[in-house]
Amino acid sequence: MAIPASLQKGLKLPVIAAPMFLVSGPDLVVECCNNGVIGAFPSLNQRTTEGYREWLHDIKGRLTPDAAAFGVNHIVHPTNPRLMADMMVSVEEKVPLIITSLGAVRDVVDAVHGYGGVVFHDIANVRHARKAAQAGVDGLILVANGAGGHAGVVNPFALVEEVRTFFDGTIILSGCLSTGRDVAAATMMGADFAYMGTRFISTTESQAQAEYKQMIVDAGASDITYTPAVSGIPANFLTPSLVANGIDPKSLPEHKLDMADEAKAWKTVWSAGQGAGAVHDILPTADLVGRLRDEYAEACAVFDKKRF
């Protein structure tokens, strides 16, 4: 149970800002890394592989010497026609952290390890965790109940404890983590990193629309709907955005709606986790990270005082 040495440089808080579709871009990644947390983005947020390489060059050129590492998310699934081309760029550019989703493949892991990179993999249940561990990944991102995007339904306490019985790599916990106190709680229950998405949507540097950011600020846990209707895979969405798109959250199908363009759907049907109720403002990433660090330190100090 440890943070890989290559990811420790410049790290001031054990937080990864999750790579979010259509939301995470160079500005958010750079501000995260330059302020001491790991920033990440999906390669598919750039329209082309050539554009993806340009983003990498842009990010590298703006990182300070003492910045934290950055990561890139690749969808490892047959439906992603750009996987091989984007992975070649990642290998050539030596991306420090690769985050894989929808498939843990030994060849991908070996390619990243070949240049000294680290691979973390998204999982939502123990069965997928075992498969990813067998593929040789360095860390498992436990997407627990209440997380934004394609979330699982398992309680985080149960998921961390069961995964730890067979996996001794890095554990990254995702699900309703919005404050520095949440980060402290995640590490105290056995995670090495907190994985935060929703909280970073409502930052100045995120690519989310202004209305999207404000909807999160105005939302609570009861304003989140868990459904496969948008992408075919169960995910959490802001209920008001479903309603705004003419989708009745009270009569959703158990399968994907007939949407001609899924990417277009995600632009107007907005995802967020149940931790939205702890998001009360839109602020620069530097200010958010500073607040998280203060809250984390305060929580650790309180815990020390309360120990028996």
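The values are calculated or read from the model by the stated rules, or taken from the named source; none is laboratory data. Computed from a predicted structure; not experimentally measured. Heads up, the Cβs are rebuilt from the backbone with ideal geometry, glycines too, and the neighbour counts pull from every protein chain shown.
Here are the numbers:
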| item | result |
| --- | --- |
| The listed residue being touching a residue at least 60 places away in the same chain (Cβ under 8 Å) and not small (Gly, Ala, Ser), out of LEU140, LEU97 | LEU97 |
| Test: residue in the range 238-252 that is in contact with a Phe, Trp or Tyr (Cβ under 7 Å, 6 or more places away or on another chain) and either over 30 Å from ALA301 (Cα atoms) or among the polar types (S, T, N, Q) (or both) | yes |
| Members of the range 136-171 found to be within 21 Å of ALA18 (Cβ to Cβ), in a loop (DSSP other than H, G, I, E, B) and of a type in the set (A, V, I, L, M, F, W, C), listed by number | VAL137, ALA144, ALA147, ALA151, VAL153, VAL154, PHE167 |
| The listed residue being part of a strand (DSSP E or B), of a type in the set (A, V, I, L, M, F, W, C) and touching a strand residue (DSSP E or B) at 6+ places or on another chain (Cβ under 6 Å), out of ALA68, ALA40 | ALA40 |
| Lone unmet requirement of (1) at pLDDT 95 or above; (2) out of contact with any Leu (no Cβ under 9 Å at 6 or more places or on another chain) for VAL118 | (2) |
| Residues (surrounded by fewer than 20 Cβ atoms within 10 Å (Cβ to Cβ), free of Cβ contacts under 8 Å to residues at least 40 places away in the same chain and part of a loop (DSSP other than H, G, I, E, B)) located in the range 215-240 | PRO228, GLY232 |
| Residue check for VAL108: closer than 23 Å to THR170 by Cα, buried (at least 22 other Cβ atoms within 10 Å of the Cβ) and over 19 Å from the mean Cα position of the chain (by Cα) | yes |
| Search result, residues across the range 269-308 that are outside any helix (DSSP H, G or I) and either in contact (Cβ under 8 Å) with a residue 60 or more places away in the chain or in contact with a Lys or Arg (Cβ under 8 Å, 6 or more places away or on another chain) (or both) | TRP270, SER271, ALA272, GLY273, VAL279, HIS280, ASP281, ILE282, LEU283, PRO284 |
